[in-house]
């Protein structure tokens, strides 16, 4: 019997013992005790007043004493306006929680025939997993387990962002500064190893940008493009992305690497696969430590062409338009 059934049987026996009346479990109304009162469960005693020929408060007191004496889990009671509030013992709760913990099927519902997909983690491959990823992973994994316990068939997936300019930054930095190092030779987890080269790229880019700002080209651009009263510091802070895209040697190298990857250049694709493999080994180590696994992995490198195809069709239909710099736009003002 569960605790509610135990208390109900105690009330049935108590009413019989105290007042000589027979009642059924259906006549015993119980609720969780309201949070502003002390107790775990509340027994409504008003229906017993006619049987006992006593006031509800008196019935509650007598029944409370009986339950504390005869029903082991009930440790104490209090009466509030005819409602009998029962507090269960610490021994009961320890045993109850221990039983829950040991019963792997506790709370599980039968299969409901419905399937759901839970997508979580889905990191980029240019850097290691961080606390934000861990939070997302634990939320996703917990949600999937809860849904399974509720009777759903759950498919756990992640969409790995394994291509793009970010991973090309790591690749270029390794190519230029790595001197053939590997996670094994560096004694470092694979995703951290590749992430170090992403950080190195950004460091080298900052150094390059700082040096360029002293050039005549940079001075001319500042004089030409700076807004009235704008300081050099503010101008060059806002100009950083433009510098990367139009003036940076490192930026040009990373973009060229991305174009070569998209063109299927064998050496570039080989380097991309090697560095991503290092990252996946690091990710997998973290997933194992967390006790997390996935049913299906999707990769952006397998799907990005679908987006390109959609853009091409949109341009053909006039949904999008293309500027001279090659960027594609859509007008949402109409």
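Below, the figures for the structure above:
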| read-out | value |
| --- | --- |
| Odd one out for residue 64, checked against (1) surrounded by fewer than 16 Cβ atoms within 10 Å (Cβ to Cβ); (2) part of a helix (DSSP H, G or I) | (1) |
| Residues of region 45-61 that turn out to be surrounded by fewer than 19 Cβ atoms within 10 Å (Cβ to Cβ) and touching a helix residue (DSSP H, G or I) at 6+ places or on another chain (Cβ under 9 Å), as a count | 9 |
| Any pair with Cβ under 7 angstrom, 6 or more apart, that starts in region 86-104 at a residue that is within 26 Å of residue 66 (Cβ to Cβ) and ends at one that is modelled with pLDDT under 95 and loosely packed, with under 14 Cβ neighbours inside 10 Å | none |
| Residues (touching a strand residue (DSSP E or B) at 6+ places or on another chain (Cβ under 8 Å) and either closer than 16 Å to residue 9 by Cβ or modelled with pLDDT of 95 or more (or both)) located in region 35-55 | 37, 38, 39, 40, 41, 42, 43, 44, 45 |
| Region 161-197, residues that are in contact with a strand residue (DSSP E or B) (Cβ under 9 Å, 6 or more places away or on another chain) and either crowded, with 21+ Cβ neighbours inside 10 Å or part of a loop (DSSP other than H, G, I, E, B) (or both) | 162, 163, 164, 167 |
| Pair list, Cβ under 7 Å, 6 or more apart: region 128-154 residue within 28 Å of residue 111 (Cα to Cα), other residue assigned to a helix (DSSP H, G or I) and modelled with pLDDT of 95 or more | 137/290; 154/144; 154/147; 154/148 |
| Qualifying position, being farther than 23 Å from residue 165 by Cα and out of contact with any helix residue (DSSP H, G or I) (no Cβ under 7 Å at 6 or more places or on another chain), among 233, 324, 262, 266 | 233 |
| Any hit, region 255-276, residues being under 24 Å from the mean Cα position of the chain (by Cα), modelled with pLDDT of 95 or more and under 26 Å from residue 188 (Cα atoms) | yes |
| Complete set of residues in region 140-154 that are out of contact with any helix residue (DSSP H, G or I) (no Cβ under 7 Å at 6 or more places or on another chain) and farther than 22 Å from residue 279 by Cβ | 142, 143, 144, 145, 146, 147, 148, 149, 150, 151, 152, 153 |
| Region 35-60, residues that are farther than 15 Å from residue 77 by Cβ and within 50 Å of the chain's Cα centre (by Cα) | 35, 36, 46, 47 |
| Wholly within region 226-311, helices (runs of 4 or more DSSP H) carrying at least 1 residues that are closer than 16 Å to residue 168 by Cα and either out of contact with any strand residue (DSSP E or B) (no Cβ under 8 Å at 6 or more places or on another chain) or in contact (Cβ under 8 Å) with a residue 24 or more places away in the chain (or both) | 240-246, 249-262, 266-290 |
| For residue 48: the one exception among (1) part of a helix (DSSP H, G or I); (2) touching a residue at least 12 places away in the same chain (Cβ under 8 Å); (3) closer than 30 Å to residue 160 by Cβ | (3) |
| Evaluation of residue 85 against (1) under 16 Å from residue 3 (Cα atoms); (2) part of a helix (DSSP H, G or I) (one fails), failing number | (2) |
| Any chance residue 83 is closer than 30 Å to residue 18 by Cα and under 34 Å from the mean Cα position of the chain (by Cα) | no |
| The listed residue being surrounded by 12 or more Cβ atoms within 10 Å (Cβ to Cβ), over 30 Å from residue 13 (Cβ atoms) and either modelled with pLDDT of 95 or more or in contact with a helix residue (DSSP H, G or I) (Cβ under 6 Å, 6 or more places away or on another chain) (or both), out of 126, 112, 78, 85 | 126 |
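The values are calculated or read from the model by the stated rules, or taken from the named source; none is laboratory data. Computed from a predicted model, the values in this text were never measured in an experiment. With ideal geometry, Cβ positions are generated from the backbone for all residues, glycine too; neighbour counts draw on all protein chains shown.
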